[in-house]
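Worksheet for the structure shown next.
The values are calculated or read from the model by the stated rules, or taken from the named source; none is laboratory data. Bear in mind the structure is a predicted one, so any value in this text is a computation, not a measurement. In this analysis, Cβ positions are derived from the backbone assuming ideal geometry, glycine residues included, and neighbour counts consider all displayed protein chains.
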Amino acid sequence: MSSLADSKIPIKNLYYMLCYAWGHLEEKDMANIAREDEKDIKHLLTRILLVKLRSLIKRGFYREYKSYQEETGTLKGRILFQESINTFSFKRGKMHCEFEEMTHDIIHNQVIKSTLYALLQTQQLERQLKEEIQQLYPYFAEVTVIKLNLRIFQEIKLHRSSQHYRFVLDICRFLYESLLLNEEKGESQLVDFERDPKVMARLFEDFVRNFYKREMPEYKVHRENIYWDAEGEDTRYLPLMQTDISLESVDQKIIIDTKYYQNALTQNFGSQKLISGNLYQLFAYLSNHKKAEGEETVGMLLYPKTGKELMLEYRIKGFSIRINTIDLNRDWLSIHTRLKEIVS
């Protein structure tokens, strides 16, 4: 039986999934620059990053005002009298001043340059891609290289005039998360994130949710908090239930729980059975959900297909429960059609 570990999702399909998960569907056609012998998604994203950066360089780097302080003989901005007195600047014919200047040495461009720098240290990256990076690197000569971390990515603010940076920065963040910096050797190593079940589970969930947001406009698509239908002295100790995906129309709600598991079935005394814990979790959502009058509520477990294709439907305690698989190794049109069919 095949498993997720040895079932390699086509690179283009991974890229499409990322475009949906990131909310960059307009960039989907960039997958066409992939080569037939493309090594992995990191090489494709690096190739796409370089294409986008060439466009960015032609357009001109985004700039912002940045605050500076210096001792100067030319008065500008705000004079810092106390600092000037403390350092006897006036004896040298100078004063300490605080002023703002427009610069492109800001966090947006620093993240890009630092990502390029890390890629140049990566042994697995193709030589041709490194040469292309080195061609672009001089354009960032006045931009500072910084030590990247997730907090930096979270703190970046994008405004109307800098929205064109969003896709580039999302690629940079992905590549950063795929790079493990070896502090001793000063080298970076690309991580095969497709073999990380936690990362792939998050991507699978985000992809499916945003797919339905984009492709099924007749539904309101969101994550939903469900509270226990319970009584007691202090119900706050009960764990919060949150759906992966809730689809709501005028007369129907579909609660989808995505499960990026090695197998959708488990062996039990020589026979294959559904994973009981997943069913219990979905049933808890359905039985505690406050159903609107006249609303049909459906629960669904959605797995990537690694073995047998599943399209099961049950009626349990009055609730409709479906178990479906989606083959992420098929052509994209088949995946697109299958995802729409299972909620129709």
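Of everything in region 49-75 that's in a helix (DSSP H, G or I) and in contact (Cβ under 8 Å) with a residue 40 or more places away in the chain, which residue is surrounded by the fewest Cβ atoms within 10 Å (Cβ to Cβ)?
Filtering region 49-75 for residues that are in a helix (DSSP H, G or I) and in contact (Cβ under 8 Å) with a residue 40 or more places away in the chain, the one surrounded by the fewest Cβ atoms within 10 Å (Cβ to Cβ) comes out as R59.
Of all the residues that make up region 122-159, how many are modelled with pLDDT of 90 or more and either among the basic types (K, R) or over 22 Å from the mean Cα position of the chain (by Cα) (or both)?
Number satisfying all stated conditions: 23.
Checking R127 against (1) closer than 25 Å to D170 by Cβ; (2) in the same structural domain as C172 (by TED's automatic domain parsing); (3) not aromatic (F, W, Y), which test does it fail?
(1)
Is it the case, given these coordinates, that R35 is free of Cβ contacts under 8 Å to residues at least 60 places away in the same chain, of a type in the set (K, R) and closer than 24 Å to L136 by Cβ?
yes
Pick from region 52-66 the residues that are of a type outside the set (K, R) and touching a strand residue (DSSP E or B) at 6+ places or on another chain (Cβ under 9 Å): which of them is farthest from K157 (Cα to Cα)?
Y65
Considering L333, L265, which residue is hydrophobic (A, V, I, L, M, F, W, C) and under 23 Å from the mean Cα position of the chain (by Cα)?
Within the list L333, L265, the selection yields L333.
Inspect all residues belonging to region 16-26 and state whether any of them is of a type outside the set (S, T, Y), without any contact (Cβ under 8 Å) to a residue 24 or more places away in the chain, outside any strand (DSSP E or B) and not assigned by TED's automatic domain parsing to the domain that holds Y261.
Yes, there is a match, as at least one residue in region 16-26 is of a type outside the set (S, T, Y), without any contact (Cβ under 8 Å) to a residue 24 or more places away in the chain, outside any strand (DSSP E or B) and not assigned by TED's automatic domain parsing to the domain that holds Y261.
Tally time: how many residues in region 279-303 are assigned to a loop (DSSP other than H, G, I, E, B) and crowded, with 21+ Cβ neighbours inside 10 Å?
So the count comes out to 1.
Determine whether L80 is in contact with a His (Cβ under 7 Å, 6 or more places away or on another chain) and either under 26 Å from S162 (Cβ atoms) or modelled with pLDDT under 90 (or both).
It is true that L80 is in contact with a His (Cβ under 7 Å, 6 or more places away or on another chain) and either under 26 Å from S162 (Cβ atoms) or modelled with pLDDT under 90 (or both).
Pairs please, first residue from region 321-336 and assigned by TED's automatic domain parsing to the domain that holds G299, second anywhere and β-branched (V, I, T), Cβ atoms under 6 Å, 6+ apart in sequence or on different chains.
Partner pairs satisfying both residue conditions: N324/I342; L328/I9.
Pairs under 7 Å by beta carbon, first residue assigned by TED's automatic domain parsing to the domain that holds L49 and closer than 17 Å to L53 by Cβ in region 154-174, partner outside any helix (DSSP H, G or I) and among the hydroxyl-bearing types (S, T, Y), six or more apart or different chains?
Hits for this filter: S162/Y62; Y165/Y62.
So which residues in region 258-278 are part of a loop (DSSP other than H, G, I, E, B) and either touching a residue at least 24 places away in the same chain (Cβ under 8 Å) or of a type outside the set (V, I, T) (or both), if there are any at all?
K259, Y260, Y261, Q262, N263, A264, F269, G270
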